[in-house]
Amino acid sequence: MGKRILTQRRGRGGIQYRAPIKGKVGKSKYPSLKPDQTFSGKITAIMHDRGRSAPLIRMEGSLFSPVLLPAVHGMSVGSIIHIGPDASSITGNILPLRKIPEGSQICNIELTYGDGGKLIRASGVSATLFSHTSDRVIIRMPSGRTISLPNQCRATIGNISGGGRLEKPFLRAGKKFYAHKSKVHAYPRPRGVAMAAVNHPFGGGRHQHPGKSTATPRNAPPGRKVGHLAPRKTGPGRVARKIIEVKR
């Protein structure tokens with residue numbers, strides 16, 4: 001009798017596959033303030049949060065409780081951050097999208113006013129405010145995609161700090177293991193053909209090959225649902241087709 005394959009164990013959602021709570025600093029979101037007034041806060045600390053690619057800042061103000069926000073490149077302890085429609089368009093300030101000039105680099109963007117910031121929060125990234133309309137704003141994302149958001153949503157001027165994080169190599173497999181573990185990523189991730197037959201449908205055999213079609217039906221049982229799930233086409237022709245569609 002075989003045992004559950006790794007995909008089944010991970011999908012069950014056991015404690016070993018859940019995001020760890022230990023080491024977390026707290027939730028990162030904008031403070032709940034009146035949208036028509038401008039407030040100021042002071043950065044009191046810059047800290048690391050487990051599982052995040054960017055550092056966090058702790059901002060304290062006289063009219064709101066301390067909050068945590070993703071650090072923007074150029075921030076330092078003791079800097080003053082202004083929040084509101086009357087704040088100037090300088091790096092680190094938080095303004096409604098309607099008050100930000102076109103062509104500005106922005107980050108930590110709200111999808112709806114008051115959600116605290118949902119977009120552009122990874123290290124080193126920023127979006128570009130492309131244009132204004134009557135009640136919405138067009139934003140160009142780092143991927144090149146453009147989105148439209150309500151102009152009362154808030155965003156931070158600048159780009160998220162930590163952009164050079166990937167330039168330093170891990171050097172040791174242990175460091176990479178713990179980096180993936182903090183985000184509950186599967187690492188190391190062996191190939192199915194390299195496993196024993198009891199551990200994976202593609203495992204076993206004298207040579208490393210699947211031994212069966214890698215196309216899997218959508219209604220396959222969990223122990224067999226590996227490979228390409230209900231593909232329209234597989235093989236070299238599939239790649240050539242994608243290239244043609246991109247050129248068009």
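The numbers here are math on the coordinates, done by the rules we state, and not lab data. Note that the structure is predicted; figures quoted are calculated from it, not measured. Don't worry about glycine lacking a Cβ; one is built from the backbone with ideal geometry, like all the others, and counts go over all protein chains shown.
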- Task: Take every Cα-Cα pair in the chain and report what % of them are more than 29 Å apart.
- Result: 51
- Query: What FRET efficiency, computed as 1/(1 + (r/R0)^6) with R0 = 45 Å and r the Cβ-Cβ distance, is obtained for His82 and Phe170, rounded to the nearest 0.05?
  - Reply: 0.70
- Message: What Kirkwood Rh does segment 119-179 have if only Cα atoms enter the pairwise 1/r average? Answer in Å.
- Response: 13.9
- Task: Note down the net charge around Val67, summing +1 for each Lys or Arg and -1 for each Asp or Glu among other residues with Cβ under 11 Å from its Cβ.
- Result: +2
- Message: What value in Å³ per residue do you get for the convex hull of the alpha-carbon atoms in segment 39-165?
- Response: 104
- Whole-Hz couplings from phi, Karplus 6.51/-1.76/1.60, listed for segment 125-138; x for Gly and Pro: 9, 7, 10, 10, 6, 7, 7, 10, 10, 4, 9, 9, 10, 9
- Message: Tell me the angle of helix 236-247 to the major Cα principal axis of the chain, expressed in degrees between 0 and 90 and rounded to the nearest ten.
- Response: 20
- For segment 217-229, Karplus couplings with θ = phi - 60° (6.51, -1.76, 1.60), whole Hz, Gly/Pro x: x, 5, 9, 5, x, x, x, 10, 7, 9, x, 8, 8
- Please arrange Met47, Met59, Met195, Met75 by counting, for each residue, the other beta carbons lying within 10 Å of its beta carbon, fewest first. Met47, Met195, Met75, Met59
- Pairwise FRET efficiency - Lys118 versus Gln37, Cβ, R0 = 22 Å, nearest 0.05: 0.45
- Fully extended, how many nm does the chain gain between Ala186 and Ala19 (0.36 nm per residue separation, minus their Cα-Cα distance)? 58.9 nm
- Note on the structure: The set of residues whose placed amide H lies less than 5 Å from the amide H of Ala215, leaving out same-chain residues fewer than 5 positions away, is His228
- Item | Cα→Cβ-extended label distance, 7 Å offset, between Arg4 and Ser213, nm | 2.8
- Message: Using the Karplus curve 6.51 cos²θ - 1.76 cosθ + 1.60 with θ = phi - 60°, what ³J(HN,Hα) values do you get for each residue of segment 21-27, in whole Hz, with x for Gly and Pro?
- Response: 8, 5, x, 7, 7, x, 6
- Message: Between Arg232 and Tyr178, what is 0.36 nm times their sequence separation minus the Cα-Cα distance? Round to one decimal in nm.
- Response: 15.7 nm
